[in-house]
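Structure record follows, encoded as structure tokens.
Every number here is computed from the coordinates shown, using simple stated rules; none is lab data. Worth saying up front: this structure is predicted, and the values here are computed from it rather than measured. Methodologically, a virtual Cβ is constructed for each residue, glycine included, from the backbone with ideal geometry; neighbour enumeration extends over all protein chains shown.
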Amino acid sequence: MQVIISGKGIDLTEAIKDYTEKKISSLEKFYDNILRAEVVVGLETRHHLKGKNFVCECKLIVPGNDLFATKEEANLYKAIDKVRDYLEGELKKHKVKEREKEKKLKRKVRESKEYKAE
């Protein structure tokens, strides 16, 4: 899986890049057909809120539908963790849906064949 990391409003340090890549790459154990992950980490500026709000957005390119998640936290690492946890659940759901589609196709093929009972 290819992981593309970019920053928005902050400087990307090696520690942030390594942490993000480690967390997002760990999603492969739940669904091994992930083609690419596009991650944007940064600082969300909203004037009515006090303090800094960090945001992490991730788009997973998988066959079928693309999966997207965005989370905001006061700590950047917490935001990355929350995105990873959310995408884990979404990947599990996607995997179940793909298996159901395969089962339906197999049923259709099986029903369309004519079996001769002797």
(message) Please give the Cα centre distance for the range 1-56 versus the range 70-106, rounded to the nearest Å.
(response) 15 Å
(request) Averaging over all projection directions, find the projected area of the Cα convex hull of the range 2-112 and quote it in nm² with one decimal place. (result) 8.0 nm²
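List, in the order given, every pair from Lys52/Lys82; Lys29/Lys71; Lys22/Lys59; Lys29/Lys59; Lys22/Lys97; Lys8/Lys95 whose Cα-Cα distance in the structure shown is over 20 Å.
Lys29/Lys71; Lys22/Lys97; Lys8/Lys95
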(message) Need one number: nm distance between label points at Glu28 and Lys103, each 7 Å from Cα along Cα→Cβ, rounded to one decimal.
(response) 2.9 nm
(message) Can you give me the angle between helix 76-112 and the longest principal axis of the chain, using Cα atoms only, in degrees from 0 to 90, rounded to the nearest 10?
(response) 10 degrees
(message) 5 Å is the cut-off here: which amide hydrogens, built 1.01 Å from N in the peptide plane, fall below it relative to Ile10, excluding neighbours closer than 5 in sequence?
(response) Leu43
(message) What do you get for the angle between helix 14-25 and the principal long axis of the chain? Use alpha-carbon atoms, 0 to 90 degrees, nearest ten.
(response) 20 degrees
(request) Report relative contact order for the chain in percent, whole number only (criteria: Cα-Cα under 8 Å, sequence separation at least 6). (result) 21 percent
(message) Full-extension gain between Thr70 and Glu21, please, as 0.36 nm times their residue separation minus the C-alpha to C-alpha distance.
(response) 16.0 nm
